[in-house]
Amino acid sequence: MNYVDLPDAELITLIARRDKGALEAMYDRYAGPLYSVAVRLIGNQELAQEIIQEVFLSLWLKAGGYQLERGKVSTWLFSMAHHRAVDELRKARRNGQPYTPLDDGNTHIKPESWAGDAEFLANLDSRAVREAISDLPQPQQQVIVMSYFQGLTQSEIADRLQVPLGTVKSRVRSGLSRLRDKLKSQGVR
Amino acid sequence: MRDLTCGEAQLLSASWALGSIDKDEEFSLRRHLDSCLTCQRAESADSDAAAMLATSVPQVTPPAALKGRLFRLIDTLERERVSRPSTLLPPRRPRRPFVFRPAFAAALGALALVGILGGWGMMVQNRLANVEQLHKELSVVTTRLDDSNQNRVRLMETSARLNLLEEKHLRLADGLRDQRLALYVASLPASVAKTLDPTSPRSRGWGMFLGSPNGNVAIMLAVGLQQLPEGKVYQVWLTDEFGYHNNAGTFTVDSDGFGQLFMRMFRYISYFKKMGVSIEPEGGSAHPTTGFVLGGDI
């Protein structure tokens, strides 16, 4: 069977039937991007490898329970990897370990020096997403990056920015909606 | 705990998708999403947008060895699953005779549910304790290994076993989570319990369906079903008024004949009129390929 051309929905159905070829195809398709987001968040390649291993192990064990009508398989995988990476990031913070992102020059955004957002945006690979983020008003860019790429909770963001929690929630909500609409208008799905 | 409005839920679903929601609000949001298709769709769109952010980071290639490690671990897991399916299960308890009288089904059903959930919780806790004990013992062994080549190999084997135990630990944690979900479904204000009876004299066991007609989540508990051979699973079907059997998921039963399935349907539960359980190949079927072993009106 040629797995390479099969859509995600068919691959996950095959994985639920314990088809290792399908799992391998899914690994080849997504391991790189998932690993990249984990490394970007926690800056530790060994830990990122553990996260990727857990994500694909979960995929193998839980594919049978996946409900296609609830969303895309890729979204599920990215969500699992992101949530695990955020957990590790928060665990490290609780244990007093410093956040040490990969030393790739300019991917670390310091919330207290938000003027660095241009550096961050320049480092994004996807032009469409870069443009969509840069089109957002600065306060919305800020909370989205602090949420997604720095793993901060809404309360932590409110504390750091010295703004009410409700303001953070509404900035996150409106920022993500605008981002989604912008990507949609650019044909990114 | 206060129920969220759709406006509040959609405000929070963006934070949920970005991973920044605070824990205390996460449960309220999940509870709302379980019963609101509109907000489920909004949440799905938010998660898609968040996933786009993930694809935008600079690409780093994972080491080639990672793939080999993953598939070796999966091979080990599969061998473990086939050769020792219930290594960590506690000793089997003697089976007690079970008398089921349809006339008292409704009253017995409520009592049985409490008993099942309690017993289930204790069983899962016991198994969890066993795994944790084994985990501790293996950790002690691991710390005694030195750096010699021979011991390095043993360390790798121990590490693989620890991974397996951790995976079992996760599965048991899943069991606890399912138990919480069952309690959650039971706590919904309009939840109803319906019994599922054997459909032929050769069938055995019985089941209970629990769900709110106004929501799209429900749980099915089955007791006394026979364990199926390798490659077979029980599959649950919800039948609508047009007689179409809608797949609600698959489940297996443990050595006590107990199984459960948490169902999240694409329509409100009130849309479905009957429920049935058939035996299907692993992975499930698109339509029932065998007669129902349990069935009933919902």
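If you go through segment A:158-180 and pick out every residue that is without any contact (Cβ under 8 Å) to a residue 24 or more places away in the chain and among the β-branched types (Val, Ile, Thr), you end up with 2.
Any residue at all in segment B:77-92 that is over 24 Å from the mean Cα position of the chain (by Cα), modelled with pLDDT of 65 or more and closer than 26 Å to A:HIS82 by Cα? No - not one qualifying residue is present in segment B:77-92.
Filtered by the rule that a residue be more than 8 Å from chain A (Cβ to nearest Cβ) and closer than 15 Å to B:VAL217 by Cα, segment B:25-49 gives B:LEU29, B:ARG30, B:ARG31, B:HIS32, B:LEU33, B:ASP34, B:SER35, B:CYS36, B:LEU37, B:THR38, B:CYS39. In segment A:2-10, the condition of being under 22 Å from the mean Cα position of the chain (by Cα) and among the hydrophobic types (A, V, I, L, M, F, W, C) is met by at least one residue.
Where strands (runs of 3 or more DSSP E) fall entirely within segment B:192-298, none has at least 2 residues that are over 23 Å from B:LEU181 (Cα atoms), out of contact with any Phe, Trp or Tyr (no Cβ under 9 Å at 6 or more places or on another chain) and not polar (S, T, N, Q). For segment A:58-72, a tally of residues being modelled with pLDDT under 90 and in a helix (DSSP H, G or I) returns 9. Could you tell me which residue of segment A:54-88 is surrounded by the most Cβ atoms within 10 Å (Cβ to Cβ), considering only residues that are touching a residue at least 60 places away in the same chain (Cβ under 8 Å) and closer than 15 Å to A:GLU10 by Cα? Ranking the candidates gives A:VAL73 first.
Quick check on my filter: what residues within segment B:35-65 are of a type in the set (Ser, Thr, Tyr) and not in a loop (DSSP other than H, G, I, E, B)? Answer for segment B:35-65, where residues must be of a type in the set (Ser, Thr, Tyr) and not in a loop (DSSP other than H, G, I, E, B): B:THR38, B:SER44, B:SER47, B:THR55.
Looking across segment B:161-202, the residues that are among the β-branched types (Val, Ile, Thr) and farther than 25 Å from B:ARG30 by Cα come down to B:THR195, B:THR199.
B:SER15 meets all of the listed conditions (1) more than 9 Å from chain A (Cβ to nearest Cβ); (2) assigned to a helix (DSSP H, G or I) but one, namely (1). Looking at B:GLY296, B:GLY291, just one residue is of a type in the set (Gly, Ala, Ser) and either within 14 Å of chain A (Cβ to nearest Cβ) or crowded, with 17+ Cβ neighbours inside 10 Å (or both), and that residue is B:GLY296. Determine, yes or no, whether B:SER255 is touching a residue at least 60 places away in the same chain (Cβ under 8 Å) and in the same structural domain as B:ILE219 (by TED's automatic domain parsing). Yes: the conditions hold for B:SER255.
For the residues A:ARG173, A:ARG160, A:ARG178, the requirement of being at the interface with chain B (Cβ under 7 Å from one of its Cβ atoms) and farther than 17 Å from A:HIS83 by Cα singles out A:ARG173. Considering each residue of segment A:32-44 in turn, at least one proves to be more than 28 Å from B:MET265 (Cα to Cα), at the interface with chain B (Cβ under 10 Å from one of its Cβ atoms), aromatic (Phe, Trp, Tyr) and surrounded by 22 or more Cβ atoms within 10 Å (Cβ to Cβ).
Once segment A:143-156 is narrowed to residues that are in a helix (DSSP H, G or I) and within 7 Å of chain B (Cβ to nearest Cβ), the residue that is nearest to the chain's Cα centre (by Cα) is A:TYR148.
The values are calculated or read from the model by the stated rules, or taken from the named source; none is laboratory data. Just so you know, these numbers come straight off a predicted model, no measurement behind them. Methodologically, a virtual Cβ is constructed for each residue, glycine included, from the backbone with ideal geometry; neighbour enumeration extends over all protein chains shown.
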